[in-house]
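The values are calculated or read from the model by the stated rules, or taken from the named source; none is laboratory data. Quick caveat: nothing in here was measured; it's all calculated off a predicted structure. Heads up, the Cβs are rebuilt from the backbone with ideal geometry, glycines too, and the neighbour counts pull from every protein chain shown.
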Amino acid sequence: MELGWPLPKRKKYLKELAGQKSEKTHPVPFQGQMQHLPIYQVPLGLPLYRLENGRTTGLQAEYIAAHPSLPEDFFRADNELEAAQKAQHDILSKLARGPKNLFKEFEKNPQSEPIILSSLGYVINGNRRLSAMRTLYESEPKKYKNLSSVQVVILPHADDKDLDRLEADLQLKEDLKAPYSWTSTALMLKEKIARFKYKEDEIASIYGMPKKELRELFDCIEYAEQYLEIRNIPKKFSELDDKEYAFRQICRTRPKLKESEVDKELFERAAFCLADEAGEGKRIYSEIPKIADHLQEVRDSLVTELELKTDNLSDEDVSLKLVQALEEDKNFEKARLAIRDTIEAEAAKRKNRKQEDFVAAQILRARDNLADAVGAIESKSTKKGVVDALDAIDALVDKLREWAINDK
C-alpha cells in the first residue's frame, strides 16, 4: 500500500495541478476568510497523513507505550517517515471502523466531500476517510477501482497555527463529525502548547472553549496519567474514554479538601478505586465527592479492611501508609468494596438521624410559624377559621406534650 509520495515528487505534482483549472470548488474557512478552493483528483497514494492529527494523539501515545523500542517523538520527528505513516494508517483505520463506520460508507457510496491537503500534501481534514478508502482499494482493487484516486482541495501556504485553527473549525468544535475522546483532546492541546508555545488563552480561543474548562481538562489528564501508571497500563488512554466524569469529579472535589496534602492524596487513590468501575453502567462520578465528605470514616474502614498495622502512628502517617497500599493492585478491589460500604453506611446514618429528628424539627418549625403569625397581627387581619384551627392545635399540642413527658 502506498502511503504518500516522496516530498519532491509530491510538491512537483501539486504545483503543476494548481496551475490547472477546475470547474468545481469547495468552501474552506481558512486564514480568516471563506476560501472557495478548486477540487482536483489525485492518485490515492499521493497524500501523507498529518501525524499531528488531534484525534489520534492518545492512540499514538498508546502505540509508543506498546512498542518500547520506539522513541518518544516517533510520530513527531519526521512526517515523511514511512514507519510512522504506516502506524498512523493502522490507527486511523481503527477509528474509521468506529460508530460512524466509514468502510461501510465507501463500500456503497462514492466520495462526497474532498479531502483537504496542505500545500505540501499532508491531510489536514479527511485522514480517517483516506485510510478507509486505501484499505478498501488495497483489499479488492477491481471492485473498488473508483477509489484509485481521491478528490482533494489544496490549501495555500500556511504555518502550523493556521492549520491548527482550521482543524479546530472543522473537527473539534460543536459540528465535528466524529467525537474526539476527551483524552486525545487534552493531550493534543497540551502538546500544541509545548511545541508551538501557545498561551492558554490563545489555545482556548482557537478551540472555542472557556479557559477554566481548558485548565480543568489539563488537570484531569494529569490525574488520568497517574491512574494509568498506578494501574500498570501507562499511556493506555483508550481505557479512559468512559471515565471522563469520574476524573472531572476528582478535579473539582480535591481543591475543596481542607485536609493535609497526604490526605488529599488518599482521597485521590480512593477515588481511583471507584473510577475502576466507571463506564460499567454505574454513576461513579456522583459517589466520588462522598469520599471527601467521609474521608475519616473511609480511612478507618480501609485500615481495617486492608489489615494495616497502624499502632503508634500519627494520622498523617496512617494516611501515607494507605496511599502506598492503594498503589498495590492486590488491594484495589478490597478497597473499592470497603469505600462503597462506608459511603452507604454513612448515608444510612444520615437518613436515620433525619428520621429521629423529624418530630422535634416539625414542632420547632410550627413554633416559629406561630410566632410569625403573632408578630403579623394587625387590625385588618382576618379571623375566619382561626378559632377552629387553634382548637385543633390545642388538641395536637396535648398529644405531643403527653408524648414528650412520657418516659416510655
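Condition check ((1) in contact with a Phe, Trp or Tyr (Cβ under 7 Å, 6 or more places away or on another chain); (2) touching a residue at least 40 places away in the same chain (Cβ under 8 Å); (3) surrounded by 14 or more Cβ atoms within 10 Å (Cβ to Cβ)) across all residues:
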residue	(1), (2), (3)
K12	no, no, no
L17	yes, yes, yes
K24	no, no, no
I39	no, yes, yes
Hits in region 316-332 (condition: free of Cβ contacts under 8 Å to residues at least 40 places away in the same chain and assigned to a helix (DSSP H, G or I)): D317, V318, K321, Q324, A325, K330, N331
Total residues in region 179-202, condition farther than 18 Å from L240 by Cβ and modelled with pLDDT under 80: 2
Every residue from region 125-141 that is of a type in the set (S, T, N, Q) and closer than 15 Å to I91 by Cα: N127, S131, T135
Yes/no for D394 being exposed (fewer than 12 other Cβ atoms within 10 Å of the Cβ), at pLDDT 90 or above, part of a helix (DSSP H, G or I) and not polar (S, T, N, Q): yes
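Suppose we keep only residues that are loosely packed, with under 15 Cβ neighbours inside 10 Å and more than 14 Å from Q88 (Cβ to Cβ) within region 57-72. Which one would you say is farthest from the chain's Cα centre (by Cα)?
It comes out as S69.
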Subset of region 203-228 that is part of a helix (DSSP H, G or I) and aliphatic (A, V, I, L, M) - its residue that is modelled with the lowest pLDDT: I206
Qualifying residue in region 372-381 (condition: surrounded by 11 or more Cβ atoms within 10 Å (Cβ to Cβ), of a type outside the set (D, E) and either in contact with a His (Cβ under 7 Å, 6 or more places away or on another chain) or outside the structural domain of K309 (by TED's automatic domain parsing) (or both)): yes
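Does P110 satisfy being modelled with pLDDT of 90 or more and either more than 28 Å from E239 (Cα to Cα) or surrounded by 21 or more Cβ atoms within 10 Å (Cβ to Cβ) (or both)?
no
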Selected residue (only one of A204, A186, A224 is under 23 Å from K100 (Cα atoms) and among the aliphatic types (A, V, I, L, M)): A186
Which numbered condition R365 fails, given (1) assigned to a helix (DSSP H, G or I); (2) at pLDDT 90 or above: (2)
